[in-house]
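Undergrad: One structure is given below, represented as C-alpha cells, and several questions about it will come after.
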Amino acid sequence: MENAWQKLTRGSKNFVLLGEAGCGKSEIAMALALYLIGTQERPVHFFDMDQTKPLFRSRDARAVLEEAGVVFHFEEQKADAPTQVGGVVPLLLDQEALVVMDVGGSDTGARLIGGLSHLTGREETAVFYVVNVYRPWSGDILAVDGTLSAVLKAARLRKFRLVANPNLGMETTAGEFLRGLEKTVEMLSPYASVEAAFVKESLYDEVSAGTQLPVLALRPLLSYPWTQA
C-alpha cells in the first residue's frame, strides 16, 4: 500500500516548491529530498533558488542534506542582485537524476524560474503550491487566489498541486494545526483539492487521527534566533 510520500511523488522526477514567503516551502522541500534519497536509487539534486531574503533559507541546513547524500546546489547572493543557480537545465532533463527546487517566496522568487517553464511545465515535474492560512496573504480565498495567481504568472506555470502547512512556528499546537487545516480545506475545496498536509513530527501522532487528509511529519531543520537559549 502506498504511503503519503509515495502518492505525492509517483510519476515525477522533478519537484518544484512554490508559495507565499514564510509558508514553509523550505522545510517541506528538504523533507522531500531526504525522503527521495532514502527510497530512490537515482541521485537527488537539491536547488536552493531563494534569492529574495538573506535569512531562513534551505542552504542554512545544507550540511544535513549533504550528509544524507543529497547533492546541494545554490549560488551565493551578491548584494541584492538575484543570481540564477547553475546546472538546473541539464538535471531537469536528466532521466537518471531527481531534482527538488526550493523557490523563493511569492511572485518575486517565482520569477527566477520563469525561464524554465518549458521544463517545469512538463508531466514529469510536480509543482506543489504550499498554503499556510496563518500567513498574512493566505488567510482567505481572495488572498490565496491573488498570491497564487501572481506566483504562477511569474513562474509561467499553469498546473500545480496544493498542499497545506498550517502552522504558527515552532510553538504551534495540535489544535492550531487542525483548525488551520480545516479552514484550508473548507476555503479551497470549491476550487481545488488539497492533497496532503505537513506537520512537525512532535505533533504527528496527535493530529494524524484528527483528519482524513494524508498528513506527513516534518523534522524541522532550520533554526531561528528567537528559539535559541
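Undergrad: Looking at region 126-144, which of its residues are touching a Phe, Trp or Tyr at 6+ places or on another chain (Cβ under 7 Å) and β-branched (Val, Ile, Thr)?
TA: The one that is touching a Phe, Trp or Tyr at 6+ places or on another chain (Cβ under 7 Å) and β-branched (Val, Ile, Thr): Val127.
Undergrad: Can you tell me how many residues within region 154-180 are at positive phi and either small (Gly, Ala, Ser) or out of contact with any helix residue (DSSP H, G or I) (no Cβ under 6 Å at 6 or more places or on another chain) (or both)? Full working, then the answer.
TA: First, the residues of region 154-180 that are at positive phi: 156, 169.
Those left that are additionally either small (Gly, Ala, Ser) or out of contact with any helix residue (DSSP H, G or I) (no Cβ under 6 Å at 6 or more places or on another chain) (or both): 169.
Total satisfying the criteria: 1.
Undergrad: Could you look through region 181-199, keep only residues that are buried (at least 18 other Cβ atoms within 10 Å of the Cβ) and not β-branched (Val, Ile, Thr), and pick out the one that is nearest to Leu32 (Cα to Cα)?
TA: Phe198
Undergrad: Being at pLDDT 95 or above and in contact with a Leu (Cβ under 8 Å, 6 or more places away or on another chain) narrows it down to one of Glu186, Glu182, Glu176, so name that one. Quick ask: steps written out before the conclusion?
TA: Values: Glu186 fails: in contact with a Leu (Cβ under 8 Å, 6 or more places away or on another chain); Glu182 fails: in contact with a Leu (Cβ under 8 Å, 6 or more places away or on another chain).
Selected residue: Glu176, the only one of Glu186, Glu182, Glu176 that is at pLDDT 95 or above and in contact with a Leu (Cβ under 8 Å, 6 or more places away or on another chain).
Undergrad: Looking at region 200-229, which of the residues that are more than 28 Å from Ser189 (Cα to Cα) and either modelled with pLDDT under 90 or among the polar types (S, T, N, Q) (or both) is surrounded by the fewest Cβ atoms within 10 Å (Cβ to Cβ)?
TA: Checking each candidate, the answer is Ala229.
Undergrad: Check region 116-126 and report whether any residue there is touching a helix residue (DSSP H, G or I) at 6+ places or on another chain (Cβ under 9 Å), closer than 16 Å to Ala4 by Cα and surrounded by 14 or more Cβ atoms within 10 Å (Cβ to Cβ).
TA: Within region 116-126, one or more residues are touching a helix residue (DSSP H, G or I) at 6+ places or on another chain (Cβ under 9 Å), closer than 16 Å to Ala4 by Cα and surrounded by 14 or more Cβ atoms within 10 Å (Cβ to Cβ).
Undergrad: Just to check your reading of the model, which residue among Asp102, Asp140 is among the acidic types (Asp, Glu) and touching a Leu at 6+ places or on another chain (Cβ under 8 Å)?
TA: After ruling out the rest, the residue left standing is Asp102.
Undergrad: Please work out which residue is modelled with the highest pLDDT, limiting yourself to region 36-50 and to residues that are surrounded by 22 or more Cβ atoms within 10 Å (Cβ to Cβ) and in a loop (DSSP other than H, G, I, E, B).
TA: Among those residues, the one meeting the criterion is Met49.
Undergrad: Being in contact (Cβ under 8 Å) with a residue 24 or more places away in the chain, more than 20 Å from Trp5 (Cβ to Cβ) and outside any loop (DSSP other than H, G, I, E, B) is the requirement here; does Gly180 meet it?
TA: yes
Undergrad: When only residues in region 127-147 that are more than 17 Å from Ala197 (Cβ to Cβ) and crowded, with 20+ Cβ neighbours inside 10 Å count, which is modelled with the highest pLDDT?
TA: Ranking the candidates gives Val127 first.
The values are calculated or read from the model by the stated rules, or taken from the named source; none is laboratory data. Everything numeric in this text was worked out from a predicted model, so none of it was measured. Positions of Cβ are backbone-derived with ideal geometry, glycine not excepted, and every protein chain shown enters the neighbour counts.
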